[in-house]
């Protein structure tokens, strides 16, 4: 059954990719939501709770970095070293400085980390490929540069694993007290 679901998701992903690459990236950034709904239906509340906490923290940090880049670019871009740093945040499509890191890619790789940890290695690899395609879609649509999506992917995956470990550690400490 699991293989059939993966096949169906893969066919839908391929069809969406062939139809519109940018739309693919916009849709598949919501992969964490799909896992959350599945775990809610299955009444698996622990991974669901960890997913919510992790998504808030990891995406919150990513968007804080985006806002910091916008602030620095707007108020300190006249400093030569800062100007060079601000170019990392610049979007290719419109020149805005809110491109670093890619939030779409961060979100997609959060789902991949959770798939590896709570579903299976097969699902983890599958969602990793889907998340990498989200990164490709963002670059192909000129919304991000390669460095922006690479950092977003690394932060989404590694940040999620760190948050999962932290949540598990806190749960163990809490369980010992009870």
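No lab work stands behind these numbers, since they all come straight from the coordinates. The structure displayed is predicted, hence computed values, not measured ones. Please note: Cβ atoms are built from the backbone with ideal geometry, for glycine as well, and neighbour counts cover all protein chains shown.
Which distance in nm do the two modelled labels at residue 147 and residue 19 give, with both placed 7 Å along the Cα-to-Cβ direction?
Distance between the two pseudo-spin positions: 3.6 nm.
Would you mind telling me which residue in 141, 95, 153 has the biggest mean-square fluctuation in a Gaussian network model of the chain, where springs connect alpha carbons within a distance under 10 angstrom?
Answer for the Gaussian network model of the chain: 95.
With a ≥ b ≥ c taken as the square roots of the eigenvalues of the C-alpha gyration tensor of segment 106-152, please select rounded if a/c is under 1.5 and otherwise prolate if a/b is larger than b/c or oblate if it is not? It would help to have the intermediate numbers written out before the result.
Working: a/c = 3.57, a/b = 2.39, b/c = 1.49.
Prolate shape, in that a/c is at least 1.5 and a/b is the bigger ratio.
Specify the residue with the greatest mean-square fluctuation among 96, 113, 73, computed from a Gaussian network of the chain linking alpha-carbon atoms under 10 Å apart.
Comparing 96, 113, 73 in the GNM, the peak value goes to 96.
So what does log10 I(q)/I(0) come out to for the chain at q = 0.15, 0.16 Å⁻¹, using the Debye formula with one equal point on every Cα and no solvent?
-0.86, -0.94
For a quick check, take a GNM of the chain with Cα springs below 10 Å and name the residue from 78, 144, 104 with the largest mean-square fluctuation.
78
Shape call for segment 89-178 from the C-alpha gyration tensor, a ≥ b ≥ c root eigenvalues: rounded (a/c under 1.5), prolate (a/b greater than b/c) or oblate? Each step should come with its number before you reach the end.
Values: a/c = 4.71, a/b = 1.93, b/c = 2.44.
Oblate, since a/c reaches 1.5 and b/c is not below a/b.
Roughly how many nanometres apart are two label points built 7 Å out from the Cα toward the Cβ at residue 121 and residue 49?
Output for this residue pair reads 3.0 nm.
Helix 121-140 against the longest principal axis of the chain: what's the angle in degrees, Cα atoms only, rounded to the nearest 10?
20
Between 0 and 90 degrees, rounded to the nearest ten: what's the tilt of helix 31-41 against the longest Cα principal axis of the chain?
Approximately 20 degrees, to the nearest 10.
So what's the angle, to the nearest 10 degrees on a 0 to 90 scale, between helix 103-118 and the longest Cα principal axis of the chain?
For 103-118 against the chain, the angle is about 20 degrees.
Any chance you could run the full-extension gain for residue 4 through residue 88? It's 0.36 nm times the residue separation minus the Cα-Cα distance, nm to one decimal.
On the way: separation 84, 0.36 × 84 = 30.24 nm, distance 4.10 nm.
Stretched fully, the residue 4-residue 88 segment lengthens by 26.1 nm.
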